[in-house]
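To keep things clear, I will list the structure first and then write my remarks on it.
Just so it is clear, none of the values below were taken in a lab; they were calculated from the coordinates. Quantities reported herein were computed from a predicted structural model and do not represent experimental measurements. Because the Cβ atoms are built from the backbone with ideal geometry, glycine has one as well, and the counts that use them run over all protein chains shown.
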Amino acid sequence: MTSYDLRTRKDDPAAFEDPMLLSDTAARELLRPVPWRRFAVIGDSIAAGTGDPTPGFAMLSWADRLAGWLRAAHPETRYLNTGRMGATIDEIRTEQLAALDDFRPDLVFVNGGGNDLMRRDADLSAVERDLDRLCAEATATGARLALFTLADAFTGPMQPLRPRFAAFADSIRRIAAHHDAILIEFWGHPARLRPDWLSTDRIHLTMAGQAIVAAELAKALARHADSGPGGE
């Protein structure tokens, strides 16, 4: 559980050459209109930002990078990330919600369910129900919810899990609709085909992948800047 000290960084050089990335300067300007000042992330290793380094990229998770951009646009921004590798939905609820309640965010990203689905006896309907409940609890103070689908990068030994996670992407979409959440789609995102998208474990994003995710999330927040902290 960490509340990060967000310091000014130099732009990654790759951000000036890759249309899927944002430079720090461009991201700061893009996020100036957004209303959120208390940014929180709860969840599993996706939330924690686990992943391999990529040459030319800072060792920054998508959430840390996005928080840095928000802080650059609005210096009063506060950030909390309680993500933990391996956490199930039930563990996120029991271990992370108390800190979230104390922090009282106005924007919260929830990432969970992947570890539940990795179980041999996984019940997708139960996972969707439990994640929906977690999202309701995470936004009980009026925070705007944000969710994103995982990318369709299930190849090689991960291929057998693809149908399960395709169905889970539909679950995320239904949950987002239920809570009027900001939804960012990665299932069919072209970056998923890049050789540096995934770490060697073929599960977690590299730092290059994390940077692309951060860019897409920043763009989504900018598109929803007029909707206010708790939605329209």
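Which FRET efficiency value, to the nearest 0.05, is calculated for Asp152 and Glu76 with the Förster distance at 35 angstrom and r the Cβ-Cβ distance?
Working: r = 38 Å, r/R0 = 1.08.
The formula returns an efficiency of 0.40 here.
So which trypsin sites (Lys or Arg not before Pro) in the stretch 63-172 are both in a DSSP loop and have at most 13 other Cβ atoms within 10 Å of their Cβ?
Working: sites: Arg65, Arg71, Arg78, Arg84, Arg93, Arg119, Arg120, Arg129, Arg133, Arg144, Arg164; in loops: Arg84, Arg119, Arg120.
Qualifying residues, ordered by number: Arg119, Arg120.
How high is the FRET efficiency between Glu17 and Gln159 when r is their beta carbon distance and R₀ equals 22 Å, given to the nearest 0.05? Show your work: numbers first, answer last.
Numbers: r = 32 Å, r/R0 = 1.46.
It comes out at approximately 0.10.
Over what distance in Å are the Cα centres of the stretch 168-209 and the stretch 79-145 separated?
The stretch 168-209 and the stretch 79-145 have Cα centres spaced 16 Å from each other.
How much length is gained on full extension from Asp101 to Leu124, taking 0.36 nm per residue of separation minus their Cα-Cα distance?
Details: separation 23, 0.36 × 23 = 8.28 nm, distance 2.75 nm.
The span from Asp101 to Leu124 would gain 5.5 nm if fully extended.
Exactly which GluC sites (Glu not before Pro) in the stretch 65-150 are in a DSSP loop and have at most 10 other Cβ atoms within 10 Å?
Numbers: sites: Glu76, Glu91, Glu95, Glu128, Glu137; in loops: Glu76.
When the GluC sites (Glu not before Pro) of the stretch 65-150 are filtered for loop state and at most 10 Cβ neighbours within 10 Å, Glu76 remain.
Please give the peptides 101-107, 22-28 ranked by average Cβ packing (other Cβ atoms within 10 Å per residue), highest first, as a rough proxy for protection. Mind showing how you got there, number by number?
On the way: 101-107: 17.1, 22-28: 19.0.
Highest-to-lowest ranking by the protection proxy: 22-28, 101-107.
With only alpha-carbon pairs counted, each pair once and no self-pairs, how large is the Kirkwood hydrodynamic radius of the chain in angstroms? Write out the running numbers ahead of the final one.
Details: mean 1/r = 0.0567 Å⁻¹.
Here the Kirkwood hydrodynamic radius works out to 17.6 Å.
Assuming R0 = 45 Å, what is the FRET efficiency of Asp170 and Glu29, from their Cβ-Cβ distance, to the nearest 0.05? Walk me through the numbers on the way to the answer.
Numbers: r = 35 Å, r/R0 = 0.77.
Computed FRET efficiency for Asp170 and Glu29: 0.85.
Just to be sure I understand the model, the point goes 7 Å from the Cα along the line to the Cβ. What's the resulting Lys219 to Thr200 distance in nm?
3.2
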